[in-house]
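Structure, as structure tokens:
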């Protein structure tokens with residue numbers, strides 16, 4: 001009787017572990033970086049669209065983990081989310097720097113080689 | 001053996017095997033989709049990012065994107081479509097990250113140049129001592 005109870009408890013414990021969404025280092029990293037970017041006013045203001053896209057990518061990765069998809073797929077989606085966060089940060093930095101230069105350009109100050117900035 | 005022993009699942013073995021085979025084939029069809037769309041997007045993104053500016057300012061990121069695109073092409077050749085899709089999607093985002101990084105670096109360079117132009121070095125501004 002005791003052995004059967006123990007076995008039942010073990011099965012219940014194991015099934016609980018299996019149904020809990022596990023943690024994933026790359027996804028945790030992406031979540032942390034996303035939260036930081038979202039709390040940065042420069043990113044939120046100057047790269048809103050890119051930040052939203054990063055959020056959607058992160059959501060897809062979280063959903064894949066919750067759905068129990070293959071670890072390689074979760075890793076892949078977390079990578080995409082991480083890169084989208086990097087893009088949002090770079091775009092915000094780029095636009096902030098361009099905003100610094102723009103008034104000077106309008107005032108007649110010349111700056112060399114800015115054709116590469118056009119998208 | 002009892003003469004009237006009941007068979008638990010009265011399905012002929014051949015029918016059971018056919019059903020299993022059909023399930024396997026359908027499962028295969030459901031998961032393996034040739035990633036032509038992601039491949040095209042990755043090709044376009046890497047091509048677009050391959051500018052002199054990006055090669056100069058985001059060489060590592062651009063190389064990463066190119067390498068993954070090459071890996072995706074190889075995987076397509078081996079009919080490893082799951083791997084091909086992942087590599088193509090990563091190549092696309094890596095190429096976009098390379099572009100953003102180059103643009104960000106260039107913008108910062110130009111901003112610094114503009115600041116330097118507006119504020120010459122302290123030596124020039126220093127007033128001669130009486």
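Scanning the stretch A:58-78 for residues that are surrounded by fewer than 21 Cβ atoms within 10 Å (Cβ to Cβ) and under 9 Å from the mean Cα position of the chain (by Cα) gives a single hit, A:59. No other residue among B:23, B:53 is more than 15 Å from the chain's Cα centre (by Cα) and modelled with pLDDT under 95 apart from B:23. Every test in (1) under 26 Å from residue A:96 (Cβ atoms); (2) more than 14 Å from chain A (Cβ to nearest Cβ); (3) at pLDDT 95 or above is passed by residue B:58 save one, and that test is (2). Consider the stretch A:87-100 and keep the residues that are at the interface with another protein chain (Cβ under 7 Å from one of its Cβ atoms) and surrounded by fewer than 21 Cβ atoms within 10 Å (Cβ to Cβ). The one that is modelled with the lowest pLDDT is A:100. Consider residue B:41 carefully, then state whether it is under 23 Å from residue A:87 (Cα atoms), crowded, with 18+ Cβ neighbours inside 10 Å and modelled with pLDDT of 95 or more. In short, no. For first residues located in the stretch B:99-119 and at the interface with another protein chain (Cβ under 7 Å from one of its Cβ atoms) and touching a residue at least 60 places away in the same chain (Cβ under 8 Å), partners that are assigned to a helix (DSSP H, G or I) and surrounded by 21 or more Cβ atoms within 10 Å (Cβ to Cβ) and lie 6+ apart or on another chain with Cβ distances below 9 Å do not occur.
Within the stretch B:74-83, can one find any residue that is out of contact with any strand residue (DSSP E or B) (no Cβ under 9 Å at 6 or more places or on another chain), at pLDDT 95 or above, within 10 Å of chain A (Cβ to nearest Cβ) and surrounded by 16 or more Cβ atoms within 10 Å (Cβ to Cβ)? Yes; the residues of the stretch B:74-83 include at least one that is out of contact with any strand residue (DSSP E or B) (no Cβ under 9 Å at 6 or more places or on another chain), at pLDDT 95 or above, within 10 Å of chain A (Cβ to nearest Cβ) and surrounded by 16 or more Cβ atoms within 10 Å (Cβ to Cβ). Report yes if residue A:104 is in a helix (DSSP H, G or I) and modelled with pLDDT of 95 or more, otherwise no. No: the conditions fail for residue A:104.
Is there a residue being within 19 Å of residue B:105 (Cα to Cα), modelled with pLDDT of 95 or more and more than 9 Å from chain B (Cβ to nearest Cβ) anywhere in the stretch A:55-77? No, the stretch A:55-77 contains no residue that is within 19 Å of residue B:105 (Cα to Cα), modelled with pLDDT of 95 or more and more than 9 Å from chain B (Cβ to nearest Cβ).
The values are calculated or read from the model by the stated rules, or taken from the named source; none is laboratory data. This structure is a prediction, so every number in the text was calculated from the model and none was measured. Don't worry about glycine lacking a Cβ; one is built from the backbone with ideal geometry, like all the others, and counts go over all protein chains shown.
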